[in-house]
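Below: one structure, written as structure tokens.
The values are calculated or read from the model by the stated rules, or taken from the named source; none is laboratory data. Predicted model, so just to flag it, every value in this text is computed and none were measured. For neighbour counting, all protein chains shown are included, and Cβ atoms are generated from backbone atoms with ideal geometry for every residue, glycine included. Note: areas computed on protein heavy atoms with side chains; ligands, DNA, RNA excluded. Shrake-Rupley method; radii C 1.70, N 1.55, O 1.52, S 1.80 Å.
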Amino acid sequence: MWYFYATMPVESVPNAKTQASSEYSRRIDRVIDYLRENLHRPVKLGELAHVACFSEFHFHRIFGAVSGETLNNFTNRLRLEKAARLLRYSEQSLTDIALDCGFSSSATFSRAFRSGYDTSPSQFRKSGEIKKSKICKELFPEEEYGLPMSAEEKRAAFPVRLIDIPERQVAYIRVTNAFELDRVLAALKTVIEWAKSQDIFSQGILFGMTVDDPYVTPKQLYRYEVCLASSFPFECMEGMSKLKMPAMRYAVIKVSGDIHKVATAWDYLYRDWLINSVHEPEHAPALEIFLDKENATDWSHFELELCLPVRKLAEMRSLNSGSRKSGMIEIKDNKRATA
């Protein structure tokens, strides 16, 4: 077995939880202030993650959990609210307002304004009235696959524990355009057959992880890696690579059910447990460990451990200090970027 369970409580004293929640709020407040000061230009994800001192891997989920809005909705709302103020109280042209609010053209601005407020910028300038705002209805919508469960029900259904996973060698196949599930399933089948041929399947750990953010990465570029970790030596086949994953601590939820239950468990881990804990995410991907390896390609039902890499908030260092690695070292093919 390539990981062992740590004998540490995951729940903290109330005061520590309050301090942790306040620390998350302070960091997201810095991001909000930064966005307001830079609405006139595109702001990259890396910039915002750096301002918050959070990993890019997990920043979007944390922002939504703390602010109650997705980052994209929040940014668009700020831009449109600024535009509405300028339309009402300034004499700037529509083009100047569009550029001042971070839109690429007046046409793009007009479409966004009409979509958000159900009226055109010129009509609003004349009347000063917004009869129907769509924006308030779009704040932090429920995940497409989430289950309607209360916080208490989620807490009971998804107990969180901390585990320490030691350094391990991992074989993987990287799947691009991974929103096409057939591509992921084909990679899973290939890894399983290869592991059996290497006689490492029974003791190996089969899992998946993503190095991209599904909230911002275009679908055709989204990557998911199908992986198998083994304590025994192995030889990679054609189209497969090897990496060394360092020792790391994870917050783990065990989940049994369909895709709706898995999505709900992930949502609880980020939105409820994480921001109220004394932990923050490490700069490394989250993992989905397949507990029922023989049936890993049957996605009508999952037996998984959802693993979020974490560290204590007090251990946080600036992600741009260069003192921390991304948590992955490439051994074959490409070199991975470090944070």
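What the table shows:
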| item | result |
| --- | --- |
| Scope the range 19-37; condition surrounded by 13 or more Cβ atoms within 10 Å (Cβ to Cβ) and of a type in the set (Asp, Glu); matching residues | 23, 29 |
| Odd one out for residue 241 among (1) hydroxyl-bearing (Ser, Thr, Tyr); (2) in contact with a Lys or Arg (Cβ under 6 Å, 6 or more places away or on another chain); (3) modelled with pLDDT under 90 | (3) |
| Near pairs, Cβ below 8 angstrom, 6+ apart or cross-chain, from the range 78-89 (within 17 Å of residue 32 (Cβ to Cβ)) to any residue that is part of a helix (DSSP H, G or I) and basic (Lys, Arg) | 78/36 |
| Meets criteria (part of a helix (DSSP H, G or I) and of a type outside the set (A, V, I, L, M)) for residue 63 | yes |
| Positions within the range 227-279 being among the polar types (S, T, N, Q), surrounded by fewer than 19 Cβ atoms within 10 Å (Cβ to Cβ) and in a loop (DSSP other than H, G, I, E, B), in sequence order | 231 |
| Restricting the range 176-190 to residues that are open to solvent by less than 10 Å² (accessible area, probe 1.4 Å) and of a type outside the set (Gly, Ala, Ser), the residue that is farthest from residue 212 (Cα to Cα) | 188 |
| Subset of the range 38-91 [crowded, with 18+ Cβ neighbours inside 10 Å, over 15 Å from residue 271 (Cβ atoms) and under 13 Å from the mean Cα position of the chain (by Cα)] | 49, 55, 56, 57 |
